[in-house]
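**Student:** A single structure is presented below for examination.
Rule-based calculations on the coordinates, nothing more; no lab input. Keep in mind the model is a prediction, meaning the values are calculated, not measured. Here Cβ is always computed from backbone atoms with ideal geometry, including for glycine, and neighbour counts include all displayed protein chains.
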Ligand SMILES: Cc1cc2nc3c(=O)[nH]c(=O)nc-3n(C[C@H](O)[C@H](O)[C@H](O)COP(=O)(O)OP(=O)(O)OC[C@H]3O[C@@H](n4cnc5c(N)ncnc54)[C@H](O)[C@@H]3O)c2cc1C
């Protein structure tokens, strides 16, 4: 009899898992709380403008390409990607630091401001690239450990993996504003460089050597491709249905129960809900000690966001970060820089994003709204545009309600400590037949990582149910 699998959630992780399993002959049903697929990576249309809900940049084209290949798809021909040449600028009271796709142009800009920093930056990028190439195969392995480092001849980079982002960047000898600008990818997640894993130091190497990309029709076009392919492969989708619990009998998954009390039997379940949320809220198979440990993992708030229409084109770069002293950064995203065709009667879509510390976001909706209003009043971004209209907004509690987020958070923040202890596994150690797909199993909250995770979760399931097939 064909093995039946239920996938909870049609985010990037759930979709990749569903497609992978369907292609290998499993009977797959995806149950999604929202009315459409894509999760945090989905887009929406309002007032004639197309917006991405959350993501704005692809920093790991290689990873996404790998995931597409594994699913029998070709990224290049499925999604129209535009390379971002003028990538980002970080402005603070003391300096503006500008990153281009071109390494030489970026290094020359640094050299003009801080003598000697151009060569230091080039050296840093070259050495990070070597580490990246060594570690890359480990991204495609479920729950990698020491043995995998040996297997992929990556043992020499083990000391690097054990360090924090701050310790890696401090050793570069680069000026403080450049170090702050290099840490921005961790800062935008509301995290300090001292807590962040060293692997975040590889982002500049990715930008200069692989390139940063943006799909012409928005990031939302990526899960759309996966959802279409999954449907063609026979995956059944049920939208507008929330799963309340995963039922287990004698330590083995028996099926899921919907919020309306319907029981749906299945041989296995892949959860694309938050990893921590799955163990703490959807199943009672999690042992008490594991629950206590999971409760302590630091969570990441999705922050506040304003979806804007702006008059006149914003000049490059594509991303402008503002870094006020002693506060979290803010970000203005200008797709008009890359996709002039998004114009409607002289107006373009843009987004204003600001991370919020999880603890602060937890202090309630009125605090979240106040924070968003304050960001909307700030002069740094208003000075860059002629006129604007706020088309829509989201605060953490709205993200939480709309995307069924555990405690209104994204998956647990990947800290240096969690990286050392090991990420959450794709195969649940607590209930047989339960698997996790999505960003919680990978070293960061990226669309590509969630897709890779979905494939690895599916492969663990295949190993367990069809040992000869995987
Ligand atoms: C503001 C913001 C900016 C970001 N920027 C970037 C970026 O620039 N680049 C990048 O690569 N990534 C970025 N990300 C991260 C990226 O969007 C996520 O890492 C990725 O989309 C997560 O995919 P996922 O599969 O883990 O889960 P999700 O996207 O969370 O999908 C889970 C799905 O499961 C459904 N679901 C959950 N629980 C249930 C349930 N109980 N029953 C039924 N359905 C359920 C949800 O509705 C959702 O559709 C950003 C995210 C945000 C919020």
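**Student:** Any idea how far apart residue 77 and residue 377 come out in nm if each label point goes 7 Å out from Cα toward Cβ?
**Tutor:** Distance between the two pseudo-spin positions: 5.5 nm.
**Student:** So if we plug the beta-carbon distance of residue 389 and residue 325 into 1/(1 + (r/R0)^6) with R0 = 41 Å, what FRET efficiency do we get, rounded to 0.05?
**Tutor:** Result of the calculation: an efficiency of 0.85.
**Student:** Can I ask one more? At each listed q (0.18 Å⁻¹), what is the log10 of I(q)/I(0) that the Debye formula gives for the stretch 321-470 modelled as equal alpha-carbon point scatterers?
**Tutor:** Per q value, in the given order, log10 I(q)/I(0) is -1.18.
**Student:** Another question, then. Report the antiparallel proportion of the DSSP beta bridges in the chain as a percent, rounded to a multiple of 5.
**Tutor:** 70 percent
**Student:** In percent, what relative contact order does the stretch 97-208 have, based on Cα pairs under 8 Å that are 6 or more apart in sequence?
**Tutor:** Reported as a whole number, the value is 31 percent.
**Student:** Same structure again: Normalised by the residues of the stretch 296-394, what does the relative contact order come to in percent, with Cα pairs under 8 Å and at least six apart? Working shown, then result.
**Tutor:** Working: 167 pairs, mean separation 41.9, N = 99.
The value is 42 percent.
**Student:** Per the Debye formula with a single identical scatterer at each Cα and no solvent contribution, what log10 I(q)/I(0) holds for the stretch 301-403 at q = 0.19 Å⁻¹?
**Tutor:** Summing over Cα pairs of the stretch 301-403 leads to -0.93.
**Student:** Note the direction-averaged projected area, equal to a quarter of the hull surface, for the Cα convex hull of the stretch 349-426, in nm².
**Tutor:** Numbers: hull surface 29.9 nm².
If you wrap the Cα atoms of the stretch 349-426 in a convex hull and average its projections, you get 7.5 nm².
**Student:** Using only the Cα atoms, work out Rg/Rh for the stretch 97-208, with Rh taken as the Kirkwood radius, to two decimals. Write down the numbers at each step before the final one.
**Tutor:** Numbers: Rg = 14.5 Å, Rh = 14.7 Å.
Rg/Rh: 0.99.
**Student:** Also, I was wondering about something else. Helix 447-465 sits at what angle to the longest principal axis of the chain, using alpha carbons and giving 0 to 90 degrees rounded to 10?
**Tutor:** For helix 447-465, the angle is close to 20 degrees.
**Student:** Tell me the label-point distance for the pair residue 343, residue 369, using the 7 Å Cα-to-Cβ offset, in nm and rounded to one decimal.
**Tutor:** Result for the modelled spin labels: 3.7 nm.
**Student:** Still on this structure: Can you tell me how the stretch 72-134 classifies by the Cα gyration tensor, rounded, prolate or oblate, using a/c under 1.5 as the rounded cut?
**Tutor:** Because a/c hits 1.5 or more and a/b fails to exceed b/c, the stretch 72-134 counts as oblate.
**Student:** Same structure, new question: What is the ratio of the Cα radius of gyration of the stretch 186-257 to 2.2 N^0.38 Å, with N the residue count, to two decimals?
**Tutor:** Details: Rg = 19.9 Å, N = 72, 2.2 N^0.38 = 11.2 Å.
That ratio works out to 1.78.
**Student:** Moving on. For the chain, what does the helix formula give at 222 nm: sum of -39500 (n - 2.57) over DSSP H segments with n ≥ 4, over the residue count, nearest 500 deg cm²/dmol?
**Tutor:** Calculated at 222 nm, the ellipticity per residue is -9500 deg cm²/dmol.
**Student:** Hey, can you rank 240-247, 429-436, 352-359, 18-25 by average C-beta count inside 10 Å, highest first? Let's see the in-between values first.
**Tutor:** Working: 240-247: 17.6, 429-436: 22.0, 352-359: 19.5, 18-25: 24.6.
Packing proxy ranking, top to bottom: 18-25, 429-436, 352-359, 240-247.
**Student:** Could you give the distance between the Cα centres of the stretch 74-90 and the stretch 91-151, to the whole Å?
**Tutor:** Answer, in whole Å: 19.
**Student:** Quick check: Cα centre of the stretch 225-286 to Cα centre of the stretch 423-448, how many Å?
**Tutor:** Cα centroid of the stretch 225-286 versus Cα centroid of the stretch 423-448: 14 Å apart.
**Student:** Separate question: Using a Debye calculation, one point per C-alpha and no hydration shell, please list log10 I(q)/I(0) for the chain at q = 0.07, 0.08, 0.12, 0.13 Å⁻¹ in order.
**Tutor:** These q points yield log10 I(q)/I(0) values of -0.35, -0.45, -1.06, -1.26.
**Student:** Report the percentage of all Cα-Cα pairs in the stretch 1-145 whose separation exceeds 25 Å, rounded to a whole percent.
**Tutor:** In whole percent, the share of Cα-Cα pairs in the stretch 1-145 beyond 25 Å is 51.
**Student:** When only Cα pairs under 8 Å and 6 or more residues apart are kept, what is the percent relative contact order across the stretch 255-310?
**Tutor:** After rounding, I find 18 percent.
**Student:** Hey, another quick one. Relative to the longest principal axis of the chain, what angle (0 to 90°, nearest 10) does the C-alpha long axis of helix 12-23 take?
**Tutor:** The helix 12-23 is inclined about 40 degrees to the chain.
**Student:** For the pair residue 401 and residue 4, what calculated FRET efficiency results from E = 1/(1 + (r/R0)^6), where r is the Cβ-Cβ distance and R0 = 30 Å, to the nearest 0.05?
**Tutor:** Taking R0 as 30 Å, the efficiency between residue 4 and residue 401 is 0.50.
**Student:** DSSP beta bridges in the stretch 1-126, what fraction antiparallel, as a percent rounded to 5?
**Tutor:** Antiparallel bridges make up about 65 percent of those DSSP assigns within the stretch 1-126.
**Student:** Suppose each label sits 7 Å from its Cα in the direction of the beta carbon; what would the residue 357-residue 45 distance come out to in nanometres?
**Tutor:** About 4.2 nm, to one decimal.
**Student:** Fewest to most neighbouring Cβ within 10 Å: what's the order for 426, 143?
**Tutor:** Result, fewest neighbours first: 143, 426.
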